[in-house]
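The values are calculated or read from the model by the stated rules, or taken from the named source; none is laboratory data. The shown structure was predicted, so the numbers you read here are calculated from the model rather than taken from an experiment. So basically every Cβ, Gly included, is an ideal-geometry build from the backbone, and we count neighbours across all protein chains shown. What goes into the accessible areas is simple: the full protein's heavy atoms, side chains included, and nothing from ligands, DNA or RNA. Shrake-Rupley method; radii C 1.70, N 1.55, O 1.52, S 1.80 Å.
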Amino acid sequence: MGFSKFPFSILLICIFSSFFVESHEEGSIVVEISNKGLDYLKNLLIQKAESSLVPIQLPQIEKTVHIPLLGNVDILLSSIVIHTINVTSSTVKTGSSGVVLNVSGATADMTMVWKYSYRAKYLPISVSDKGNASVQVEGASWLYQGLVDAFEGKIESAVESAVSDKLIDAVNNLDSQLQSLPKEIPVTKTAALNVTFVDDPELKESSVDVEVNGLFSPNIKTTVSGSGRRLLKSSHSCDGEDKMVKVSVHENVLESALSVYFEQNKMHWTLRDLPDEEYLNTSWWKVALPQLYNAYPDHNISLDVSVSSLPVIEVENKQIMANAPVDVVINVLEDEQAIPVACISIEIGVSASPEISGNALAGSLQLNDFKMSLNWSNIGDIHIALLQTLASTTLRTAMVPYINLKLYEGYAIPSFHGYGLEDAQILCADDSWIVMCSNITPVEQLFHSYLISVS
């Protein structure tokens, strides 16, 4: 006997109808789950359902069956318990009201107590018997399978009713948990990410699109709304085969993060240590800044670096462009005191090319523009053109390669509830979107694949 059309579709429809927050702002992060991704989620859901729905206690079932020569036989099944359910066939697709998961075949193991009785047709006596049965539906002996077949409709109806009740309870529990999730996730002590869902999910023939506000805000009780402008969704896709998930991040997300850090006065750094420490000594700068060396020969220095106004971010084809005005105060270290001697204003422009290597976010940085001007000086006039040439050369030959070395090593992408990215790709499109496509797999499987690749 096979169970058909388990009402698992209730689960996903209810999630979509209750979890999304009513909002008509534009989402700066768009998550697109393809049919391949939906199929993967379906298998996870079924595995969870197979283990969480059992054991199922079914109500007592009675039936009268007519048997030739014996007449009518009264059969009673009681203490019916389904211990395992194994789904054999299932599909998932998008519908007008949600994502519909249909289970069209399943087998089950059950135990029961059976009893029958009948009155002999030609003899004035009653015959009865009873016993226990352990049955694997669609795999039992002919006796018990026949017993189950006789009650197929009633057993199936009882199972579907019990499964429906358990699913509805599970949905209500899941719904309450989802409703209690925070609308903002703290990323650092300074910034939080707004993860409020906006509008309803867009159901397409081959995917489901979900939009998230996605903007950063100070990590305090404040509300950050969208940009007010209409964002055109990215039409770009990653190369190669279809991936489970596509995540598109608009440049607004990066702008909001920079805005939070700038407004919270977090874009200020003091440099006292560099990979090559000679750069932080007046002896190294005596050609470009002879006044500094003459006033403070062979003194260590520190640099106070601060962003003077909000940086500008633009996502272009294959790269992220950033331009920032920076003030650099030169301090001479003497008797454990920092003595400010000059301030240089710098307009700096860089481009970054992100990439995903294995399960790490990597990339490279390039210096595109570097201009200096004197803000103030306590050591006399400074030859800015010479200083700019020396500083630019230092950045291009020492600092940028050092940064790129760190970027080449990459930063591990954290797993989420035991699942990580597999065969991920990232690209920067010319429509202001960063697009990431990936498959999802258990972390254990990723580690196993890595061991095979290096063996």
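Numbers below:
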quantity	calculated
Some residue of region 371-384 being at pLDDT 90 or above, part of a strand (DSSP E or B), exposed (fewer than 15 other Cβ atoms within 10 Å of the Cβ) and of a type in the set (S, T, Y)	yes
Selection from region 388-430 of residues that are under 26 Å from the mean Cα position of the chain (by Cα) and of a type in the set (D, E, K, R)	K406, E409, E422, D423, D430
Entirely in region 197-268, the strands (runs of 3 or more DSSP E) that have 1 or more residues that are modelled with pLDDT of 85 or more and either open to solvent by 20 Å² or more (accessible area, probe 1.4 Å) or more than 25 Å from Q425 (Cβ to Cβ) (or both)	207-212, 216-218, 245-250
Conditions (1) of a type in the set (V, I, T); (2) under 17 Å from M110 (Cβ atoms); (3) over 46 Å from the mean Cα position of the chain (by Cα); number of the one not met by V65	(2)
Residue identified as open to solvent by 30 Å² or more (accessible area, probe 1.4 Å), within 30 Å of E255 (Cα to Cα) and at pLDDT 80 or above among E22, E62, E32	E32
Residue satisfying all of: in region 348-370; among the polar types (S, T, N, Q) and open to solvent by 50 Å² or more (accessible area, probe 1.4 Å); modelled with the lowest pLDDT among these	N359
